[in-house]
Structures are given as C-alpha cells and as structure tokens.
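The numbers here are math on the coordinates, done by the rules we state, and not lab data. All values reported here derive from a predicted model rather than from experimental measurement. Positions of Cβ are backbone-derived with ideal geometry, glycine not excepted, and every protein chain shown enters the neighbour counts.
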C-alpha cells in the first residue's frame, strides 16, 4: 500500500504537508474512507456473498456507535501523539451530525476517523491495521 500511495503522489504531483496543519475534520474526512475500505476489504475477502449482506455488515461496523465503542477499546493502546490527534478530532465542532447517533458517539467516531486519516496520510498502514484488528477483536466478522 505504501508503494501505491507513493505512485499516487508521483502521478498527481502531491506534496507532503505537515500533518499538524490539517484540520481534524479534514483528517476525519479521509479517515472515514480509509476505515470503510479496510472494513469492506475484510468482509469481501472473508466471504464472497451477496452485496446486500456485505453492505449490512459493513454499515454495522462503520456507524458512529460502533466506532465509538472501538475507541473505548483502543484509547489505552494509543501513543501520546495518537491520543492528541484523537482528541482534536473528538473535540472538533462539525456543522452536521450522524443520523441515529448520540452526540457523544458522533464525537468519538469523528476522533477515531481523524486518527485513521492521520495514520493514512502519515503512511503508517500497519498501525491502522493493528488498531482496527484490536478494535474488532470481539466482533463477529
């Protein structure tokens, strides 16, 4: 995956920027997609089944309440740097809120997504996978 991101940066002439300059909501924006892609990859590789079933399972794992629950497991495992990114995302004020989510769940989920986005842009894919694996350990996938 690191090679793919390198190729993406080459082809589109993308420059590296200081990750601390990114808004936590911008990090959450890309982190949402990264996490969803990881979940979809896991589900597709585990079972070649109808798309409807894949979508339902993916939706149950990427919704705000599920991400919030993962953060309860993950928070003690985070480095100080990761905790800082998570807190910035959690405390960011968004103009919107997820349907069917409490404000607390939505904020924790935004922090989780910001962390995923930060790690992705940092190109630390192994850490993304470590955290997702730890967060999903009790889930039936």
Reported set for region 1-13 where residues are surrounded by 11 or more Cβ atoms within 10 Å (Cβ to Cβ) and outside any helix (DSSP H, G or I) is 1
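Restricting attention to region 79-97, report how many residues are farther than 24 Å from residue 133 by Cα and either touching a strand residue (DSSP E or B) at 6+ places or on another chain (Cβ under 9 Å) or surrounded by 15 or more Cβ atoms within 10 Å (Cβ to Cβ) (or both). Explain how you work it out, then say what you get.
Here is the first cut: in region 79-97, the ones farther than 24 Å from residue 133 by Cα are 91-97.
Filter once more, keeping what is either touching a strand residue (DSSP E or B) at 6+ places or on another chain (Cβ under 9 Å) or surrounded by 15 or more Cβ atoms within 10 Å (Cβ to Cβ) (or both): 92.
The number of residues fulfilling the criteria is 1.
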Consider residue 140 carefully, then state whether it is without any contact (Cβ under 8 Å) to a residue 60 or more places away in the chain and either over 11 Å from the mean Cα position of the chain (by Cα) or crowded, with 21+ Cβ neighbours inside 10 Å (or both).
-> yes
Going through (1) touching a residue at least 40 places away in the same chain (Cβ under 8 Å); (2) over 23 Å from residue 137 (Cα atoms) one by one, residue 102 fails only at (1)
Taking region 15-47 and keeping only residues that are part of a loop (DSSP other than H, G, I, E, B) and either surrounded by 11 or more Cβ atoms within 10 Å (Cβ to Cβ) or in contact with a helix residue (DSSP H, G or I) (Cβ under 7 Å, 6 or more places away or on another chain) (or both), one is left with 22, 23, 47
